[in-house]
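Undergrad: Here it is, the structure, as C-alpha coordinates.
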Amino acid sequence: MEIIKGGVCAVDGVLASGSRKGKYGVSVIVSKNNTASAVFTSNKVAAAPVIVTKEVIKDGKLSAIVANSGNANCFTGEEGIKNAKEMTKRVADKLNIKLNDVAVASTGIIGRKLPLDIINKLIDESLNTLENSPEASFSAAEAIMTTDTFSKEFAVQTTLNDGNTVKIGGITKGSGMIAPNMGTMLCFITTDVKASSEELNDALKKAVNKSFNMVVVDGDESTNDTVILMSNGSSGNIDENFQEALEYVCIELAKMMAKDAEGETKYMEVHVNGAASLDDAKAASKAIVGSSLVKTALFGADPNWGRVIAAVGYSRAEMNENLVDITFKSDDETVKIVEKGSIIAFDGTDELKTAEKIMKNDEIEIIVDLNIGEYSATAYGCDLSYDYVKINSEYST
(Lines give C-alpha, C1' and ligand atoms only; values in the text may rest on other atoms or scores of the structure.)
Protein backbone atom coordinates (compact mmCIF):
# COMPACT_ATOMS: atom_id res chain seq x y z
CA MET A 1 0.00 0.00 0.00
CA GLU A 2 1.23 3.48 -0.90
CA ILE A 3 -0.05 6.88 0.23
CA ILE A 4 -0.73 9.10 -2.78
CA LYS A 5 -1.91 12.64 -3.42
CA GLY A 6 -5.22 13.79 -4.80
CA GLY A 7 -7.98 12.98 -2.30
CA VAL A 8 -11.13 11.95 -4.20
CA CYS A 9 -9.42 12.99 -7.44
CA ALA A 10 -6.66 10.42 -6.94
CA VAL A 11 -9.02 8.12 -8.85
CA ASP A 12 -8.79 8.75 -12.61
CA GLY A 13 -11.86 10.38 -14.09
CA VAL A 14 -13.32 11.72 -10.86
CA LEU A 15 -14.19 15.42 -11.08
CA ALA A 16 -14.56 17.67 -8.06
CA SER A 17 -14.90 21.27 -7.05
CA GLY A 18 -15.94 23.49 -4.17
CA SER A 19 -17.14 27.06 -3.66
CA ARG A 20 -17.72 29.21 -0.59
CA LYS A 21 -19.56 32.38 0.35
CA GLY A 22 -19.18 33.41 3.98
CA LYS A 23 -20.20 30.52 6.23
CA TYR A 24 -21.81 28.61 3.34
CA GLY A 25 -20.03 26.21 1.02
CA VAL A 26 -20.88 23.67 -1.67
CA SER A 27 -18.88 20.70 -2.90
CA VAL A 28 -19.64 18.66 -6.00
CA ILE A 29 -18.07 15.30 -6.86
CA VAL A 30 -18.82 13.67 -10.21
CA SER A 31 -18.04 10.15 -11.42
CA LYS A 32 -20.74 9.00 -13.81
CA ASN A 33 -22.42 5.60 -13.73
CA ASN A 34 -20.70 4.42 -10.57
CA THR A 35 -21.62 1.57 -8.30
CA ALA A 36 -22.18 2.97 -4.81
CA SER A 37 -23.04 2.37 -1.20
CA ALA A 38 -23.58 4.56 1.86
CA VAL A 39 -23.83 4.54 5.65
CA PHE A 40 -25.92 7.07 7.55
CA THR A 41 -26.62 8.38 11.04
CA SER A 42 -28.73 6.22 13.34
CA ASN A 43 -30.25 9.33 14.96
CA LYS A 44 -34.06 9.10 14.83
CA VAL A 45 -34.09 12.75 13.78
CA ALA A 46 -32.67 12.38 10.28
CA ALA A 47 -31.93 15.44 8.15
CA ALA A 48 -33.69 15.97 4.83
CA PRO A 49 -30.60 15.14 2.73
CA VAL A 50 -30.19 11.85 4.62
CA ILE A 51 -33.80 10.91 3.84
CA VAL A 52 -33.39 11.83 0.17
CA THR A 53 -30.03 10.07 -0.29
CA LYS A 54 -31.26 6.88 1.39
CA GLU A 55 -33.82 6.62 -1.41
CA VAL A 56 -31.32 7.56 -4.13
CA ILE A 57 -28.76 4.96 -3.05
CA LYS A 58 -31.21 2.04 -2.95
CA ASP A 59 -30.40 0.95 -6.51
CA GLY A 60 -26.68 0.99 -5.78
CA LYS A 61 -25.91 3.56 -8.49
CA LEU A 62 -24.56 7.12 -8.34
CA SER A 63 -23.08 9.65 -10.73
CA ALA A 64 -22.64 12.68 -8.48
CA ILE A 65 -22.69 14.03 -4.94
CA VAL A 66 -23.63 17.58 -3.96
CA ALA A 67 -22.96 18.70 -0.39
CA ASN A 68 -23.38 22.00 1.42
CA SER A 69 -22.00 23.40 4.66
CA GLY A 70 -23.40 26.15 6.89
CA ASN A 71 -26.89 24.68 7.19
CA ALA A 72 -27.90 21.13 8.12
CA ASN A 73 -31.33 21.27 6.43
CA CYS A 74 -32.59 19.22 9.36
CA PHE A 75 -35.84 19.48 11.33
CA THR A 76 -37.15 21.52 8.39
CA GLY A 77 -40.18 19.43 7.39
CA GLU A 78 -41.44 18.99 3.84
CA GLU A 79 -39.76 22.20 2.75
CA GLY A 80 -36.43 20.69 3.72
CA ILE A 81 -37.09 17.60 1.59
CA LYS A 82 -38.11 19.82 -1.31
CA ASN A 83 -34.93 21.89 -0.98
CA ALA A 84 -32.71 18.81 -0.82
CA LYS A 85 -34.33 17.46 -3.97
CA GLU A 86 -33.90 20.85 -5.64
CA MET A 87 -30.15 20.61 -5.00
CA THR A 88 -30.00 17.20 -6.68
CA LYS A 89 -32.15 18.37 -9.59
CA ARG A 90 -29.91 21.35 -10.25
CA VAL A 91 -26.88 19.08 -10.49
CA ALA A 92 -28.67 16.46 -12.56
CA ASP A 93 -29.96 19.03 -15.06
CA LYS A 94 -26.58 20.76 -15.45
CA LEU A 95 -24.71 17.47 -15.93
CA ASN A 96 -27.42 15.75 -17.98
CA ILE A 97 -27.61 12.76 -15.65
CA LYS A 98 -30.51 10.95 -13.99
CA LEU A 99 -32.05 12.72 -11.00
CA ASN A 100 -31.93 9.46 -9.06
CA ASP A 101 -28.16 9.26 -9.57
CA VAL A 102 -27.35 12.34 -7.46
CA ALA A 103 -26.77 12.10 -3.69
CA VAL A 104 -27.12 15.13 -1.43
CA ALA A 105 -25.61 15.90 1.98
CA SER A 106 -25.63 18.87 4.34
CA THR A 107 -23.85 20.00 7.49
CA GLY A 108 -24.26 23.00 9.75
CA ILE A 109 -26.89 24.47 12.05
CA ILE A 110 -29.91 22.25 12.78
CA GLY A 111 -33.44 23.65 12.64
CA ARG A 112 -32.86 26.56 10.26
CA LYS A 113 -34.26 26.83 6.73
CA LEU A 114 -31.79 26.19 3.94
CA PRO A 115 -30.87 29.46 2.13
CA LEU A 116 -31.48 27.86 -1.26
CA ASP A 117 -30.73 31.01 -3.23
CA ILE A 118 -27.18 31.14 -1.85
CA ILE A 119 -26.69 27.36 -2.16
CA ASN A 120 -27.88 27.31 -5.78
CA LYS A 121 -25.39 29.99 -6.78
CA LEU A 122 -22.59 28.01 -5.11
CA ILE A 123 -23.73 24.84 -6.87
CA ASP A 124 -23.47 26.62 -10.21
CA GLU A 125 -20.01 27.95 -9.37
CA SER A 126 -18.82 24.47 -8.41
CA LEU A 127 -20.28 22.87 -11.53
CA ASN A 128 -18.45 25.41 -13.69
CA THR A 129 -15.06 24.59 -12.17
CA LEU A 130 -15.11 20.79 -12.06
CA GLU A 131 -11.81 19.07 -12.80
CA ASN A 132 -9.68 16.07 -11.90
CA SER A 133 -6.78 17.43 -9.85
CA PRO A 134 -5.44 17.54 -6.29
CA GLU A 135 -6.48 21.19 -6.16
CA ALA A 136 -10.07 20.27 -7.07
CA SER A 137 -10.26 17.68 -4.30
CA PHE A 138 -8.83 20.21 -1.84
CA SER A 139 -11.43 22.81 -2.81
CA ALA A 140 -14.20 20.23 -2.34
CA ALA A 141 -12.84 19.25 1.09
CA GLU A 142 -12.50 22.89 2.10
CA ALA A 143 -16.02 23.85 1.01
CA ILE A 144 -17.72 21.43 3.42
CA MET A 145 -15.83 22.65 6.49
CA THR A 146 -17.85 24.16 9.36
CA THR A 147 -15.96 24.49 12.64
CA ASP A 148 -13.11 22.45 11.13
CA THR A 149 -9.77 24.24 11.22
CA PHE A 150 -8.26 22.29 8.32
CA SER A 151 -9.54 20.30 5.34
CA LYS A 152 -9.28 16.53 5.49
CA GLU A 153 -8.20 14.35 2.57
CA PHE A 154 -6.40 11.04 2.20
CA ALA A 155 -5.69 8.60 -0.63
CA VAL A 156 -3.82 5.34 -1.20
CA GLN A 157 -3.16 2.84 -3.90
CA THR A 158 -2.60 -0.88 -3.44
CA THR A 159 -2.16 -4.00 -5.54
CA LEU A 160 -5.00 -6.51 -5.69
CA ASN A 161 -4.60 -10.26 -5.81
CA ASP A 162 -5.34 -10.20 -9.56
CA GLY A 163 -2.35 -7.90 -10.12
CA ASN A 164 -4.34 -4.73 -10.78
CA THR A 165 -3.59 -1.50 -8.95
CA VAL A 166 -6.58 0.03 -7.19
CA LYS A 167 -6.86 3.58 -5.87
CA ILE A 168 -8.99 4.87 -3.00
CA GLY A 169 -9.39 8.54 -2.12
CA GLY A 170 -11.54 10.34 0.40
CA ILE A 171 -12.46 13.71 1.86
CA THR A 172 -14.25 14.29 5.14
CA LYS A 173 -15.38 17.02 7.49
CA GLY A 174 -16.06 16.85 11.19
CA SER A 175 -14.76 18.40 14.39
CA GLY A 176 -17.67 18.54 16.82
CA MET A 177 -20.88 16.64 17.60
CA ILE A 178 -18.80 13.50 17.16
CA ALA A 179 -19.86 10.28 18.85
CA PRO A 180 -19.90 6.54 18.19
CA ASN A 181 -22.15 5.67 15.25
CA MET A 182 -20.29 8.41 13.38
CA GLY A 183 -20.59 12.09 14.24
CA THR A 184 -21.37 15.43 12.60
CA MET A 185 -19.41 14.21 9.67
CA LEU A 186 -19.60 13.88 5.94
CA CYS A 187 -17.23 11.57 4.13
CA PHE A 188 -17.06 10.90 0.41
CA ILE A 189 -14.83 8.12 -0.90
CA THR A 190 -14.02 7.25 -4.51
CA THR A 191 -12.33 4.18 -5.92
CA ASP A 192 -11.86 2.22 -9.14
CA VAL A 193 -12.31 -1.30 -7.76
CA LYS A 194 -14.70 -3.62 -9.58
CA ALA A 195 -17.48 -4.59 -7.17
CA SER A 196 -21.24 -4.88 -6.81
CA SER A 197 -23.10 -2.45 -4.58
CA GLU A 198 -23.60 -5.29 -2.10
CA GLU A 199 -19.86 -5.93 -1.97
CA LEU A 200 -19.15 -2.22 -1.53
CA ASN A 201 -21.75 -2.02 1.22
CA ASP A 202 -20.17 -4.90 3.12
CA ALA A 203 -16.69 -3.38 2.74
CA LEU A 204 -17.84 0.09 3.77
CA LYS A 205 -19.66 -1.09 6.89
CA LYS A 206 -16.59 -3.00 8.04
CA ALA A 207 -14.38 0.04 7.46
CA VAL A 208 -16.77 2.45 9.20
CA ASN A 209 -17.02 0.16 12.22
CA LYS A 210 -13.24 0.32 12.64
CA SER A 211 -12.91 4.04 12.03
CA PHE A 212 -15.73 6.59 12.19
CA ASN A 213 -17.71 4.49 14.65
CA MET A 214 -14.70 4.55 16.99
CA VAL A 215 -14.34 8.35 17.23
CA VAL A 216 -15.67 10.25 20.24
CA VAL A 217 -15.24 14.00 20.64
CA ASP A 218 -18.21 15.02 22.76
CA GLY A 219 -20.71 12.14 22.80
CA ASP A 220 -23.39 13.87 20.70
CA GLU A 221 -24.56 11.99 17.62
CA SER A 222 -25.51 14.17 14.69
CA THR A 223 -28.58 14.10 12.46
CA ASN A 224 -26.68 14.39 9.16
CA ASP A 225 -23.89 11.81 9.23
CA THR A 226 -23.25 10.40 5.78
CA VAL A 227 -20.46 8.27 4.34
CA ILE A 228 -20.67 7.49 0.62
CA LEU A 229 -18.44 5.12 -1.35
CA MET A 230 -18.45 5.34 -5.17
CA SER A 231 -16.61 3.06 -7.59
CA ASN A 232 -16.18 3.36 -11.36
CA GLY A 233 -15.14 -0.29 -11.68
CA SER A 234 -12.21 0.35 -14.01
CA SER A 235 -9.64 -1.68 -12.04
CA GLY A 236 -9.51 -5.21 -10.61
CA ASN A 237 -11.89 -7.23 -8.49
CA ILE A 238 -12.57 -6.44 -4.85
CA ASP A 239 -10.61 -8.55 -2.37
CA GLU A 240 -9.02 -8.44 1.09
CA ASN A 241 -6.27 -6.08 -0.11
CA PHE A 242 -8.92 -3.55 -1.07
CA GLN A 243 -10.61 -4.00 2.30
CA GLU A 244 -7.36 -3.35 4.14
CA ALA A 245 -6.72 -0.20 2.10
CA LEU A 246 -10.29 1.09 2.56
CA GLU A 247 -10.05 0.61 6.31
CA TYR A 248 -6.73 2.42 6.35
CA VAL A 249 -8.18 5.41 4.48
CA CYS A 250 -11.17 5.60 6.81
CA ILE A 251 -9.04 5.29 9.96
CA GLU A 252 -6.68 8.05 8.81
CA LEU A 253 -9.63 10.34 8.04
CA ALA A 254 -11.16 9.49 11.43
CA LYS A 255 -7.89 10.40 13.16
CA MET A 256 -7.90 13.76 11.38
CA MET A 257 -11.37 14.42 12.76
CA ALA A 258 -10.24 13.65 16.30
CA LYS A 259 -7.17 15.86 15.90
CA ASP A 260 -9.34 18.74 14.67
CA ALA A 261 -12.02 18.48 17.35
CA GLU A 262 -13.60 21.68 18.59
CA GLY A 263 -11.34 23.23 21.22
CA GLU A 264 -8.96 20.27 21.03
CA THR A 265 -5.47 20.67 22.48
CA LYS A 266 -4.51 16.99 22.73
CA TYR A 267 -5.18 13.90 20.62
CA MET A 268 -5.81 10.54 22.29
CA GLU A 269 -5.78 6.95 21.08
CA VAL A 270 -7.13 4.28 23.40
CA HIS A 271 -6.13 0.67 22.79
CA VAL A 272 -7.95 -2.07 24.70
CA ASN A 273 -6.31 -5.47 24.40
CA GLY A 274 -6.95 -8.89 25.92
CA ALA A 275 -10.73 -8.57 25.92
CA ALA A 276 -13.09 -11.54 26.04
CA SER A 277 -14.86 -10.41 22.86
CA LEU A 278 -14.57 -7.79 20.13
CA ASP A 279 -17.72 -6.10 21.42
CA ASP A 280 -16.12 -5.83 24.88
CA ALA A 281 -12.93 -4.35 23.44
CA LYS A 282 -14.92 -1.77 21.48
CA ALA A 283 -17.15 -0.90 24.42
CA ALA A 284 -14.24 -0.40 26.80
CA SER A 285 -12.13 1.66 24.39
CA LYS A 286 -15.07 3.91 23.49
CA ALA A 287 -16.01 4.34 27.15
CA ILE A 288 -12.50 5.58 27.96
CA VAL A 289 -12.15 7.87 24.96
CA GLY A 290 -15.66 9.24 25.54
CA SER A 291 -15.31 9.86 29.27
CA SER A 292 -15.60 13.55 30.13
CA LEU A 293 -13.45 12.90 33.18
CA VAL A 294 -10.71 11.22 31.15
CA LYS A 295 -10.91 14.04 28.59
CA THR A 296 -10.58 16.77 31.22
CA ALA A 297 -7.71 14.90 32.87
CA LEU A 298 -6.02 14.83 29.48
CA PHE A 299 -6.54 18.59 29.13
CA GLY A 300 -5.06 19.18 32.59
CA ALA A 301 -2.12 16.79 31.98
CA ASP A 302 -3.26 14.67 34.92
CA PRO A 303 -2.36 10.94 34.61
CA ASN A 304 -5.56 9.94 36.39
CA TRP A 305 -5.67 6.17 35.87
CA GLY A 306 -8.59 5.95 38.30
CA ARG A 307 -10.82 7.60 35.70
CA VAL A 308 -9.59 5.15 33.08
CA ILE A 309 -10.41 2.05 35.13
CA ALA A 310 -13.78 3.53 36.14
CA ALA A 311 -14.69 3.95 32.45
CA VAL A 312 -13.75 0.34 31.74
CA GLY A 313 -15.96 -0.70 34.63
CA TYR A 314 -19.08 1.09 33.43
CA SER A 315 -18.54 0.00 29.82
CA ARG A 316 -19.99 -3.37 30.90
CA ALA A 317 -17.08 -5.20 29.28
CA GLU A 318 -16.16 -8.42 31.03
CA MET A 319 -13.19 -7.75 33.31
CA ASN A 320 -11.32 -8.72 36.46
CA GLU A 321 -9.79 -5.63 38.05
CA ASN A 322 -7.03 -7.77 39.54
CA LEU A 323 -5.77 -8.65 36.05
CA VAL A 324 -5.83 -5.22 34.37
CA ASP A 325 -2.72 -3.45 33.07
CA ILE A 326 -2.77 0.29 32.23
CA THR A 327 0.01 1.94 30.24
CA PHE A 328 0.50 5.54 29.07
CA LYS A 329 2.56 6.27 25.97
CA SER A 330 3.65 9.26 23.90
CA ASP A 331 6.49 9.75 21.43
CA ASP A 332 9.35 7.55 22.60
CA GLU A 333 8.23 7.24 26.23
CA THR A 334 6.12 4.49 27.72
CA VAL A 335 5.22 3.85 31.34
CA LYS A 336 3.12 1.17 32.96
CA ILE A 337 0.87 2.70 35.62
CA VAL A 338 -1.02 -0.39 36.74
CA GLU A 339 0.13 -4.00 36.50
CA LYS A 340 -2.24 -6.90 37.18
CA GLY A 341 -4.46 -4.58 39.16
CA SER A 342 -1.64 -3.21 41.33
CA ILE A 343 -0.76 0.49 41.17
CA ILE A 344 2.88 1.18 40.30
CA ALA A 345 2.86 4.97 39.91
CA PHE A 346 2.56 6.11 43.53
CA ASP A 347 3.55 9.61 44.61
CA GLY A 348 7.29 10.12 44.34
CA THR A 349 7.92 7.20 41.98
CA ASP A 350 9.75 7.51 38.68
CA GLU A 351 6.70 5.97 37.01
CA LEU A 352 4.46 8.84 38.16
CA LYS A 353 7.00 11.44 37.05
CA THR A 354 7.18 9.81 33.61
CA ALA A 355 3.39 9.64 33.39
CA GLU A 356 3.08 13.33 34.22
CA LYS A 357 5.65 14.12 31.53
CA ILE A 358 3.80 12.01 28.97
CA MET A 359 0.51 13.75 29.70
CA LYS A 360 2.00 17.10 28.69
CA ASN A 361 2.48 15.92 25.10
CA ASP A 362 0.11 16.71 22.23
CA GLU A 363 -0.58 13.07 21.33
CA ILE A 364 -1.12 10.41 23.98
CA GLU A 365 -1.92 6.71 23.89
CA ILE A 366 -3.72 4.92 26.70
CA ILE A 367 -3.25 1.16 26.55
CA VAL A 368 -5.45 -1.09 28.68
CA ASP A 369 -4.90 -4.84 28.72
CA LEU A 370 -7.77 -6.76 30.32
CA ASN A 371 -5.74 -10.01 30.16
CA ILE A 372 -8.76 -12.27 29.84
CA GLY A 373 -9.03 -12.86 26.10
CA GLU A 374 -7.62 -12.31 22.61
CA TYR A 375 -9.65 -9.37 21.25
CA SER A 376 -8.51 -5.80 20.71
CA ALA A 377 -9.99 -2.47 19.58
CA THR A 378 -8.81 1.12 19.19
CA ALA A 379 -10.83 4.29 19.71
CA TYR A 380 -9.88 7.84 18.79
CA GLY A 381 -10.60 11.08 20.61
CA CYS A 382 -9.28 14.20 22.25
CA ASP A 383 -9.35 16.28 25.40
CA LEU A 384 -12.20 18.55 26.49
CA SER A 385 -11.12 22.14 26.89
CA TYR A 386 -12.51 25.55 27.81
CA ASP A 387 -12.64 26.41 24.12
CA TYR A 388 -15.08 23.57 23.40
CA VAL A 389 -17.66 25.28 25.60
CA LYS A 390 -16.93 28.67 24.04
CA ILE A 391 -17.22 27.41 20.45
CA ASN A 392 -20.49 25.61 21.07
CA SER A 393 -22.05 28.32 23.19
CA GLU A 394 -21.63 30.71 20.27
CA TYR A 395 -22.28 28.27 17.40
CA SER A 396 -25.65 29.52 16.16
CA THR A 397 -25.06 33.24 16.79
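The values are calculated or read from the model by the stated rules, or taken from the named source; none is laboratory data. These numbers come from a predicted model, not from an experiment. Counting neighbours? That spans all protein chains shown, and the Cβs are built from the backbone with ideal geometry, glycine included. To get the accessible areas, we keep the full protein, side chains included, count just its heavy atoms, and leave off ligands, DNA and RNA. Shrake-Rupley method; radii C 1.70, N 1.55, O 1.52, S 1.80 Å.
Undergrad: Can you pull out the residues in region 16-50 that are open to solvent by 20 Å² or more (accessible area, probe 1.4 Å), over 20 Å from the mean Cα position of the chain (by Cα) and of a type outside the set (S, T, N, Q)?
TA: Across region 16-50, the qualifying residues are 20, 21, 22, 23, 24, 32.
Undergrad: Filter the helices (runs of 4 or more DSSP H) completely within region 236-306 down to those with at least 3 residues that are modelled with pLDDT of 95 or more.
TA: 240-259, 278-290
Undergrad: Which one is farthest from the chain's Cα centre (by Cα), of the residues in region 274-286 that are buried (at least 20 other Cβ atoms within 10 Å of the Cβ) and under 18 Å from residue 211 (Cα atoms)?
TA: 280
Undergrad: Taking region 309-343 as the region of interest, how many residues are open to solvent by less than 50 Å² (accessible area, probe 1.4 Å), assigned to a loop (DSSP other than H, G, I, E, B) and either touching a residue at least 24 places away in the same chain (Cβ under 8 Å) or among the aliphatic types (A, V, I, L, M) (or both)?
TA: 3
Undergrad: Give me the pairs: first residue in region 157-173 and at pLDDT below 95, second residue of a type in the set (Val, Ile, Thr), beta-carbon distance under 6 Å, and six or more apart or on different chains, which are they?
TA: 173/144
Undergrad: Here's another thing I want to ask about it. Working only within region 152-177, note down all residues that are open to solvent by 30 Å² or more (accessible area, probe 1.4 Å) and either of a type outside the set (S, T, N, Q) or out of contact with any helix residue (DSSP H, G or I) (no Cβ under 8 Å at 6 or more places or on another chain) (or both).
TA: Result: 153, 162, 163, 164, 165, 167, 177.
Undergrad: Now a separate question. Could you say whether any residue in region 60-82 is in contact (Cβ under 8 Å) with a residue 12 or more places away in the chain, under 20 Å from residue 14 (Cβ atoms) and either open to solvent by 10 Å² or more (accessible area, probe 1.4 Å) or among the acidic types (Asp, Glu) (or both)?
TA: yes
Undergrad: Okay, next question. Can residue 107 be described as among the polar types (S, T, N, Q) and farther than 29 Å from residue 83 by Cβ?
TA: Criteria not met by residue 107.
Undergrad: Right, next: Among the residues of region 287-303, how many are open to solvent by less than 50 Å² (accessible area, probe 1.4 Å) and over 15 Å from residue 275 (Cα atoms)?
TA: 9
Undergrad: Collect the residues in region 121-130 that are open to solvent by less than 70 Å² (accessible area, probe 1.4 Å) and of a type in the set (S, T, N, Q), keeping them in residue-number order.
TA: Answer for region 121-130, where residues must be open to solvent by less than 70 Å² (accessible area, probe 1.4 Å) and of a type in the set (S, T, N, Q): just 126.
Undergrad: Go through region 369-397 and give me each residue that's of a type in the set (Gly, Ala, Ser), outside any strand (DSSP E or B) and at pLDDT 95 or above.
TA: Hit for region 369-397 is 373, nothing else.
Undergrad: So, one more: Please specify each residue of region 344-368 satisfying the condition of being more than 20 Å from residue 258 (Cα to Cα) and either part of a helix (DSSP H, G or I) or open to solvent by 60 Å² or more (accessible area, probe 1.4 Å) (or both).
TA: 346, 347, 348, 350, 351, 352, 353, 354, 355, 356, 357
Undergrad: Please enumerate the residues belonging to region 131-151 that are part of a loop (DSSP other than H, G, I, E, B) and open to solvent by less than 10 Å² (accessible area, probe 1.4 Å).
TA: 144
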